[in-house]
Amino acid sequence: MKTAIFTGSFNPFTIGHADIVSRALCIFDHVVIGIGYNPQKTEQGDIDSRAEAIRQVYKDDPRITVEAYSDMAADLAARHDAVAVVKGVRSVQDYEYERSQAEYNRLLGDGLETVLFFARPQLAAVSSSAVRTLQHFGKDTSSFLP
């Protein structure tokens, strides 16, 4: 069985994230969605609540595991015998960031590979930060959430 990890803060988990999971399942047998603590992000919220919300999205799909973690992505991958990290890319800035992270994951994860999925054009503008902004102003964000 080939397992991949999909890591992020997922605050919140959007339809763009769900699209990456769906596409990853076309390549991998199992996807571990890892909700990580990112010390560079100031609005972390309750990670356990986010994990439970994502579990509810995939409650009927045994190919998905959801786990909160506080160590490195390479450590999460090792715990699950994952062969790859999957990430979504919306822009050149995302690409540059993910390329850098891929190098660290490869070094720390004993050759752990990264597979990038480019955002579908209709989802490229969907971001967790934009959804949080809309929620802050009381707007309906249900169309951006799975």
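The values are calculated or read from the model by the stated rules, or taken from the named source; none is laboratory data. Just so you know, these numbers come straight off a predicted model, no measurement behind them. Don't worry about glycine lacking a Cβ; one is built from the backbone with ideal geometry, like all the others, and counts go over all protein chains shown. For accessibility, only protein heavy atoms count, side chains too; no ligands or nucleic acids. Shrake-Rupley method; radii C 1.70, N 1.55, O 1.52, S 1.80 Å.
Pairs of Lys residues in the chain, spaced 8 or more positions apart or belonging to different chains, with C-alpha separations under 22 angstrom: 4 in total. A probe of 1.4 angstrom, applied to the heavy atoms of all protein chains, finds Phe10 with accessible area near 10 square angstrom.
Using only Cα atoms, tell me the angle between helix 47-57 and the longest principal axis of the chain; keep it within 0 to 90° and round to the nearest 10. In the chain, helix 47-57 runs at an angle near 90 degrees to the longest axis. Computed from label points 7 Å out along Cα-Cβ, the spacing between Ala130 and Ser143 is 1.2 nm. Per residue, the convex hull spanned by the Cα atoms of the chain amounts to 112 cubic angstrom.
Here the chain has 52 percent of its accessible surface on carbon and sulfur atoms, given a 1.4 Å probe and all protein chains in place. When the chain is treated as a GNM with alpha-carbon contacts under 10 Å, the residue of Ile35, Ile27, Ile54 showing the greatest mean-square fluctuation is Ile27. Between Lys2 and Tyr37, the FRET efficiency estimated from the beta carbon spacing at R0 = 25 angstrom works out to 0.40. Here the Karplus curve 6.51 cos²θ - 1.76 cosθ + 1.60, taken at θ = phi - 60°, turns the phi angles of region 2-14 into couplings of 9, 10, 10, 10, 10, 10, x, 8, 6, 10, x, 6, 9 Hz, with x standing for Gly and Pro. Calculated accessible area for region 1-109 comes out at 54 Å² per residue, all protein chains present (probe 1.4 Å; ligands, DNA, RNA ignored).
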